[in-house]
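As structure tokens, the structure follows; a few thoughts come after it.
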Amino acid sequence: MSKQEKHRILMVSDFFYPNFGGVENHIYYLSQCLINLGHKVVVMTHAYQNRSGVRYMTGGLKVYYVPWKPFLMQNTLPTFYGTLPIIRTILIREKISLVHGHQAFSTLCHEALMHARTMGFKVVFTDHSLYGFGDVGSIHMNKVLQFTLADVTQAICVSHTSKENTVLRSGLPPEKVFVIPNAVDTAMFKPAPERLSNREIVIVVISRLVYRKGADLLVEVIPEVCRLHPNVRFIIGGDGPKRVRLEEMREKHSLQDRVDMLGAVPHAKVQSVLITGHIFLNSSLTEAFCIAILEAASCGLLTVSTRVGGVPEVLPDDMVVLAEPDPNDMVQAITKAIQILPQIDPQEMHTRMQTLYSWHDVARRTEIVYNCALRCSSQNLLERLSRYLPCGAWAGKLFCLVMIVDFLFWRLLQLWQPDRNIEVVPDIYLANHPRDKTSRDSNIYDHLR
């Protein structure tokens, strides 16, 4: 395939705007940068409240909000075959050449990749999370991931730790998994115009207040830090089931004047909250790659974070203080961060982040993965079924049965509504997005694996 050939990509996930989060931001910024490189990008997600049908976003990004309502935690109800007719229609209408699914939690992603492979499309999967191996939920999710990735063309992980985790959970050959980190919009996340005084140290926490994000750790860490450092104040942005515990902690220790609870913070206002602080605190118990850390560093905040998952890979050692997910160790890390705070220059940190992380660089690396995927040979149904059999004595046979039924359903749809009867939509270009003529494929390729 020529490097100058344009791709037509369908991004699929249950997680997209108007919902906010790391996956949503990743899909949006990656799509915008791919459009700037000259590719066509279409996003498919489920309906959000009254947002259903086709919408257009900045740069002509087309979004299909299919009429499926979320069932649990923004995920649609698994249907196996119920989404095949609408996915087939979108693939044909938009003349898609490659399907890119995001997040192992997403039901819509798994079903879209399954149907796309049945129809002969090349597929790429990006894993944004880490999972364990011992609990019932993780065992179930790992088996689902093994089913999806058994026939995936290429996979992307956001950190080397995430790659190791994905390979172990899915049995995917390591050579098929690329590592492409997330990035941050440094134009949006800028430091405060004037440097803040160090007379009062403000520690900012912006996170979903759930167990996985370490909200229980905050309940133990905050009172001890306030006791040791009378000049420290906390700002906590976010909402979730653990918010009650934090409010109870604030009442119990009489910290109403030192702990501000902002509730849910819209993404557009995150920067205005970050620049009011000196230190950003991340207490996650598991994290493949924490975009919030990048946003905080881009705003010039020194980061204190738990040493979990891919977090140690995110920032240079002089921009972050790492601690074990233990209250005493985290208190010591915060104390160390307060001591080295006078050495931190927010503007210099912002400038370094501009060179370290760029969504345009992420898009160029992802473009290389697309090229690799489209160069892979196509397999017929029998060749594809052989990939599912090693998934387990019983699971492998069950997966084969699922794919055979999916193939028969697809053939039935072709008879009922032939491809030629589905109208192809014309491409709409809102602006001329010239492709970057500077090719860095040969330099980047070696760093993806």
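The values are calculated or read from the model by the stated rules, or taken from the named source; none is laboratory data. The shown structure was predicted, so the numbers you read here are calculated from the model rather than taken from an experiment. Neighbour counts run over all protein chains shown; Cβ positions are idealised from the backbone, glycine included. Side chains included, ligands, DNA and RNA excluded: accessible areas come from the protein's heavy atoms. Shrake-Rupley method; radii C 1.70, N 1.55, O 1.52, S 1.80 Å.
If only residues of the range 50-68 that are open to solvent by 30 Å² or more (accessible area, probe 1.4 Å) and touching a Ser or Thr at 6+ places or on another chain (Cβ under 7 Å) are counted, the one that is nearest to Asp419 (Cα to Cα) is Pro67. Per the listing Arg195, Arg227, Arg169, Arg199, the residue uniquely surrounded by 14 or more Cβ atoms within 10 Å (Cβ to Cβ) and of a type in the set (Lys, Arg) is Arg169. Out of Ile87, Ile96, Ile92, Ile27, one residue alone is at pLDDT 95 or above and open to solvent by 20 Å² or more (accessible area, probe 1.4 Å). It is Ile92. Of the helices (runs of 4 or more DSSP H) lying entirely inside the range 340-413, those containing at least 1 residues that are of a type outside the set (D, E, K, R) and more than 28 Å from the chain's Cα centre (by Cα) are 381-388. In the set (1) hydroxyl-bearing (Ser, Thr, Tyr); (2) open to solvent by 20 Å² or more (accessible area, probe 1.4 Å); (3) modelled with pLDDT under 95, the condition left unmet by Thr76 is number (2). In the range 32-59, the residues that are closer than 16 Å to Phe15 by Cα form Cβ pairs under 7 Å with partners that are exposed (fewer than 13 other Cβ atoms within 10 Å of the Cβ), at six or more places apart or across chains, as follows: His46/Lys69; Ala47/Pro67; Ala47/Lys69; Tyr48/Pro18; Arg51/Pro18; Ser52/Pro67.
Taking Ser254, is it open to solvent by less than 60 Å² (accessible area, probe 1.4 Å) and not aliphatic (A, V, I, L, M)? Spelling it out, it is not the case that Ser254 is open to solvent by less than 60 Å² (accessible area, probe 1.4 Å) and not aliphatic (A, V, I, L, M). Among the residues making up the range 273-292, those that are under 22 Å from Pro346 (Cβ atoms), within 23 Å of the chain's Cα centre (by Cα) and at pLDDT 95 or above are Val273, Leu274, Phe280, Leu281, Asn282.
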